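Asks: First the structure, which I've put down as structure tokens, then a few questions once you've had a look.
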Amino acid sequence: MILTDKEYSYDYRSYKEPSRAKKPRNKLKNLFLIVFICSLSFVILLRYSIIYQKSVLLNKMETKLAYTENLNRQLEVEIASLSDMQKIESIAKDKLGMIEPEGGQRVYLNVGSDKKNDVHMTNKNENKSIFSKILGLVVK
């Protein structure tokens with residue numbers, strides 16, 4: 001048996017202990033990463049909550065708009081029913097107790113004339129008292 005001296009070359013890398021300075025840096029890096037992810041999640045949740053609030057507000061406004069439009073339609077129907085002249089006359093006579101004016105109670109105005117005091121009364125002397133008739137004769 002022959003024994004030879006063989007040299008085995010093992011390339012051993014020098015063993016370095018992990019430096020303590022890198023560990024806090026890695027921890028700090030991980031901490032910043034966690035804080036960033038949490039803040040990003042918070043911002044996303046905040047945006048979704050704002051969107052939800054706006055959609056609730058929009059639904060309330062749409063409901064209010066529909067109610068107002070319905071009320072407007074009902075009032076238009078009521079206005080149309082009350083604008084009929086025969087209906088107005090019957091309400092005035094029945095509910096308010098109004099009567100047709102007599103001949104001496106009517107006053108006619110000429111709208112197209114330039115005179116401001118252009119008023120014609122029917123039956124002028126019929127409505128005047130004796131005192132006003134005498135006063136009218138004296139003033140003329």
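Quick note: the coordinates plus some simple rules give every number you see, no bench work behind them. All values derive from a computational prediction rather than experimental measurement.
Asks: Across the stretch 101-110, in residue order, what do the Karplus-derived ³J(HN,Hα) couplings come to in whole Hz, using 6.51 cos²θ - 1.76 cosθ + 1.60 with θ = phi - 60° and x for Gly and Pro?
Replies: Rounded to whole hertz, the list is x, 7, x, x, 8, 8, 10, 10, 10, 8.
Asks: Dividing the alpha-carbon Rg of the stretch 29-100 by 2.2 N^0.38 Å yields what?
Replies: Expressed relative to 2.2 N^0.38 Å, the Cα Rg reads 2.65.
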